[in-house]
Amino acid sequence: MFFHIVLERNMQLHPRHFGRNLREHLVTKLMKDVEGTCSGRHGFVVAITGVDSIGKGLIRDGTGFVTFPVKYQCVVFRPFKGEILEAVVTMVNKMGFFAEAGPVQIFVSNHLIPDDMEFQSGDMPNYTTSDGSVKIQKDSEVRLKIIGTRVDATEIFCIGTIKDDFLGVINDPTTL
Amino acid sequence: MSVEPFNKLVKLAARAFYDDITTKGDNQPKTGRSDNRGIAVVVLDALTRRQWVREEDLAKDLKLHSKQLRRTLRFFEEEKLVTRDHRKETAKGAKIYSAAVAATADGQPFGKEGEEKIKLHTHSYCCLDYAQIYDVIRYRIHRMKKKLKDELDNRNTIQEYICPKCDKRYNALDALRLVSEEDGNFRCESCNGELRAESDKFAAQEGGDGDDNARKRRREKLKSMLQNMETQLKPLMSQLDRVKDLAVPEFGTLQAWEARASAAGRAVNGDSSSNDPSKSSQVGYGGTPMPFLGDTKLYCDWVLNQAIFGLRLSNKAGLLSNAIMVEVAFAGAEGKEVDVKSDAATSLKVLPPWMIKQGMNLTKEQRGEVEQESKMDGSSATGGLSDDKKSTVEDDKKSLQARAMR
Ligand SMILES: [Zn+2]
C-alpha cells in the first residue's frame, strides 16, 4: 500500500555548500540519501514530494559540518499481509518462484502455486498446467496475495500465494 | 412479499451467532447479575415482529432499559443486521410516526394539535435490513468455511525447509538468502546441503515423531470442526437456500415507510369499522401496532423475554453444577476442565420450541425443559426468574467450596 507521509531527518551538510544555494544542496542531498531506501517502519521511500521545513543548523565541533533537522513529505510503499499485488516473475526454481513488485521482493513457494501447475526444468524453468494453457516463467506477470512479511530495520521481504480466486498469471510474455 | 421465511432466517442466525453475545461497557465487572447474554436473541426476535419501530417503544415492550437496548442495537448496526435512523423532532414530529403506526392499525384520531412544545428531542428508530442480513449471513458462513478449509489445505501457511545433512530449519521468509548462485536451488547456509521442503518429508514418513503427531492431531481437529460446523449450521444453510429466490422484504427508509404506512392506513380506515377483531389482533403488546404483517400472531414479548432468560439462567445453573462435578472428578487435571465444560454446554443446549421438528433426536431435557420453563415463566415470571438467580448464586458458592476443598 502507498502512503503519503511526513518524515523527519537530520541532515549533515559539508561547509563548502554554505552559500546562497544551501537550501538546494540540502534538498538534493536529501533526495539522494532517502529515495529508494527502505525502513522497516515506513516501508520503501518512493519519492520526496516536498520539504516542509528546515530547522536551525547546528555546527559540529571539530568537523565544521552542520546538522539541519529537515521535515519532508514523501510517498512510501509498505506491503501488508493480505494485500494483493501485481508482480513480475524474476526467477523460477523447483521450490517456487521469486517476483518483484517495484522495490519489494516476493517469494511464492510451490505449495502455494495451484496444484495443477507442475514444475518443468530446463533452460527456462517454469510452472505449467497439464494442458499447457497457463505458464509461469521469468518475466511473467502475476497477481498474488501477500501472506507473510519479514520486516527488518532496513529490509522488507514478502511471501505470497497464487492459490486463491482471481490470482495467478495476468500477462504472459510469450504471447506479447 | 412474505416475511416469514426471512424471519426464520433471522431467528436461526440469532441463535447461531449471537447467542452468547454480551453487550456492556468494558469497565463493568463480569458478574452473574449483569450477565445479559441472550438479550441479542430477544431483541432480534422482537424485531422480526415489527417493521420500523421507535427504540423507546421497543425498550418499553421488552421491559429493557433503553440504554441497554441501544447498546444492543448499536452492536447490530455494526453487524449490519439493523438499520437505524435518528432524527430530531418536536412533539408534533414524533406524531408523524405515531400517526403512520396508528393509521395502519385503527382509525384512532391522533393527538390534539396545539399542545406541542417547541423542544426538540432526538428519537431513534430501527428496523431489520433483510436484504443485508441475507448477505451478511452468507458471507459469515463463507468466511468460516474458507478459514477452516484454508488451514486444512495448508494454504496461507509458511513453507518450512529442512537441511537433510545438519537438520537446520528454514522457512520461506529466508528464501532470498537460501538461493544458491550455481543452480538456483535452496542450499543450507552452514553446510551447503540442498534443502528439502518440510511437507515432503511429512508425506514420506507419515506419523513419525511428536512434531508430526501434533500436526496430525491439529488436522483432525480442524476436520471435525468443519464437520461440526456443517451439521450445526445445517438448518441455517437450508433456510438460506429456501430464501434464495424469494423477494426480500423491503421497508425502505423511515420516511418512505411512514408515508406508505399512513397512506395504506387511510385507505383501510375508509371502509372498515374500528372494532374489527381481526384488525385489533394486529396490535402488539403495549399497543405497538404492526402494520403490513398480515398473518402475524399476537405475541407477548415480555413473557417470551422472561422465558428465554429463565431458560438461560436455569440452563446455566445446570451447567455450573455439572462443572462442579467435573471439577471434583478431575481434581488435579486442570487442563481438561475447559473441554469438558464446553461439552456440557453443547449437550445441554435447550432448543427453542419452534426449532424442534418431528424426527429430531433430542433428549427429554432438550424437549421437556422448554415446556416446563415457559409455562412457569408465563404464569409467574418474576418469581421464576429470581429463584433461578438464587440458584445460580448458590451454585457459585458451591463451586467455590469445591475449589477450596482441593
Ligand atoms: Zn545444513
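The values are calculated or read from the model by the stated rules, or taken from the named source; none is laboratory data. Everything numeric in this text was worked out from a predicted model, so none of it was measured. Neighbour counts run over all protein chains shown; Cβ positions are idealised from the backbone, glycine included. Accessible surface areas use protein heavy atoms only, side chains included; no ligands, DNA or RNA. Shrake-Rupley method; radii C 1.70, N 1.55, O 1.52, S 1.80 Å.
Confirm whether A:Gly50 is out of contact with any Gly (no Cβ under 9 Å at 6 or more places or on another chain) and touching a residue at least 40 places away in the same chain (Cβ under 8 Å). It is false that A:Gly50 is out of contact with any Gly (no Cβ under 9 Å at 6 or more places or on another chain) and touching a residue at least 40 places away in the same chain (Cβ under 8 Å).
Give the residues of region A:99-118 that are within 12 Å of chain B (Cβ to nearest Cβ), more than 22 Å from A:Val45 (Cα to Cα) and touching a strand residue (DSSP E or B) at 6+ places or on another chain (Cβ under 6 Å), sorted by residue number.
A:Val108, A:Ser109, A:Asn110, A:Leu112, A:Ile113
Answer yes or no: is there a residue in region A:57-70 that is within 14 Å of chain B (Cβ to nearest Cβ) and open to solvent by 20 Å² or more (accessible area, probe 1.4 Å). For region A:57-70, residues within 14 Å of chain B (Cβ to nearest Cβ) and open to solvent by 20 Å² or more (accessible area, probe 1.4 Å): absent. Taken over region A:28-68, the criterion of being of a type in the set (Val, Ile, Thr) and over 12 Å from A:Pro15 (Cα atoms) is satisfied by A:Thr28, A:Val34, A:Thr37, A:Val45, A:Val46, A:Ile48, A:Thr49, A:Val51, A:Ile54. In region A:122-134, what count of residues is obtained for those that are more than 14 Å from A:Asn110 (Cα to Cα) and open to solvent by less than 70 Å² (accessible area, probe 1.4 Å)? Qualifying residue count for the region: 3.
Of the strands (runs of 3 or more DSSP E) lying entirely inside region A:1-112, the ones with 1 or more residues being touching a Cys at 6+ places or on another chain (Cβ under 7 Å) are found at A:2-13, A:43-54, A:104-109. Within region B:164-176, residues that are within 14 Å of chain A (Cβ to nearest Cβ) and under 16 Å from B:Ser190 (Cβ atoms) have Cβ atoms under 9 Å from residues that are open to solvent by 70 Å² or more (accessible area, probe 1.4 Å) and within 9 Å of the ligand (Cβ to nearest atom) in these pairs: B:Tyr170/B:Glu189; B:Asp174/B:Glu189, counting only partners at least 6 apart in sequence or on another chain.
For a quick check of your reading: which helices (runs of 4 or more DSSP H) sit entirely within region B:230-294 and have at least 2 residues that are at pLDDT 60 or above and surrounded by 12 or more Cβ atoms within 10 Å (Cβ to Cβ)?
It comes to B:234-243, B:254-270.
Restricting region B:152-196 to residues that are away from the ligand (no atom under 16 Å from the Cβ) and at positive phi, the residue that is least open to solvent (accessible area, probe 1.4 Å) is B:Gly184. Annotation: of all residues in region A:141-176 being over 24 Å from A:Gly40 (Cα atoms), of a type in the set (S, T, N, Q) and not in a strand (DSSP E or B), the one that is farthest from the other protein chains (Cβ to nearest Cβ) is A:Thr175.
Within region B:128-144, residues that are more than 19 Å from B:Met229 (Cβ to Cβ) reach partners that are surrounded by 18 or more Cβ atoms within 10 Å (Cβ to Cβ) and not β-branched (Val, Ile, Thr) with beta carbons closer than 6 Å, at six or more positions or on different chains, in the pairs B:Leu128/B:Leu47; B:Tyr130/B:Phe6; B:Tyr130/B:Pro249; B:Ile133/B:Leu81.
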